[in-house]
1. Using only helices, what value at 222 nm comes out for the chain when you add -39,500 (n - 2.57) per DSSP H run of length 4 or more and divide by the total residues, to the nearest 500 deg cm²/dmol?
2. I need the calculated FRET efficiency for the pair Glu95 and Ala168, taking r as the beta carbon distance and R₀ as 22 Å, to the nearest 0.05.
3. Starting from the Cα-Cα distance between Arg10 and Gln47, subtract it from 0.36 nm times their residue separation and give me the gain in nm to one decimal.
4. What nm distance separates the two modelled labels at Val30 and Arg119, each placed 7 Å from Cα along Cα→Cβ?
5. Working from Cα positions, state the angle (0 to 90°, nearest 10) between the long axis of helix 62-72 and the longest principal axis of the chain.
6. In degrees from 0 to 90, rounded to the nearest 10, what is the angle of the helix 131-143 Cα long axis to the longest principal axis of the chain?
7. With 10 angstrom as the radius, rank Thr100, Thr68, Thr52 by how many other C-beta atoms surround their C-beta, starting from the fewest.
8. Can you pull a Stokes-Einstein diffusion coefficient for the range 2-197 at 25 °C (0.890 mPa s), Rh from Kirkwood over Cα pairs, as a whole number of µm²/s?
Amino acid sequence: MRRLQEQILRDGQALSNTVLKVDKFLNHQVDPELTMEIGREFALRFQGEPITKVLTIEASGIHFALATSVALGVPFIYAKKKKAVTLTEDLYTAEVFSFTRQETFQVSVSKRYLSEQDRVLIVDDFLATGDALLGLINIVGQSGAQLVGVGAVIEKSFQDGRGKLEAAGVRVHSLARIASMSPAHIEFIEEQEEGRSC
Ligand code: 5GP
């Protein structure tokens, strides 16, 4: 997605060869128009799939799940990282290791909102090691719902997340794929190379 790549180059900051800061427009201050365009793009990439729910993880996936669910006309669910006192019903839970925080935490979704009748599209801000998305995929599996695929806004293709998801047979679409980066330069995998299948 050209506009996203341009914004990453303009407003993003590679803090190292592995961590990209995008809090000017993506996961702290948020560009609403770009967010809605991202939602429409995910809907387009998974066009024709009878999706019933969009699933993400709090907090930085929520606005992309909202934008995608508006484009698809279905509800979205965000997995919670801490058990809320109001979540008294049965939960699907999974353990996730956080790449940015270097710690393991539990994510949960109420059994009331995900069932074997659902066809689920998972979206998130980043695909890095894939652990967060694999946690959500685990939850979809527990519910008996069908996983349609995964949409990541930014994929760091030099990390092994995509490989893990594809090995699990998951269809993955990432809107900006970073081949390599350093504080001085960010290199993308171009759309022409990947076609519409990535
Ligand atoms: P993964 O589980 O794929 O390693 O990472 C997933 C989560 O880590 C993402 O949802 C994102 O919140 C965070 N993350 C991973 N890499 C980066 C990064 O380079 N920059 C930022 N800002 N967040 C990241």
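Any read-out appearing in this document is the output of simple, stated calculations on the displayed coordinates, not a laboratory observation. These numbers were taken from a predicted model, which means no experiment stands behind them. Virtual Cβ from ideal backbone geometry, glycine too; neighbours counted across all protein chains shown.
1. Numbers: 6 runs with 59 residues, N = 198.
Here the helix-only value at 222 nm equals -8500 deg cm²/dmol.
2. On the way: r = 16 Å, r/R0 = 0.75.
Efficiency computed from Cβ-Cβ geometry: 0.85.
3. Working: separation 37, 0.36 × 37 = 13.32 nm, distance 3.00 nm.
The span from Arg10 to Gln47 would gain 10.3 nm if fully extended.
4. 2.7 nm
5. With rounding to tens, the tilt is 80 degrees.
6. 30 degrees
7. Values: Thr100 10, Thr68 29, Thr52 18.
Ranking Thr100, Thr68, Thr52 by Cβ neighbours within 10 Å, fewest first, gives Thr100, Thr52, Thr68.
8. Estimated diffusion coefficient is 145 µm²/s.
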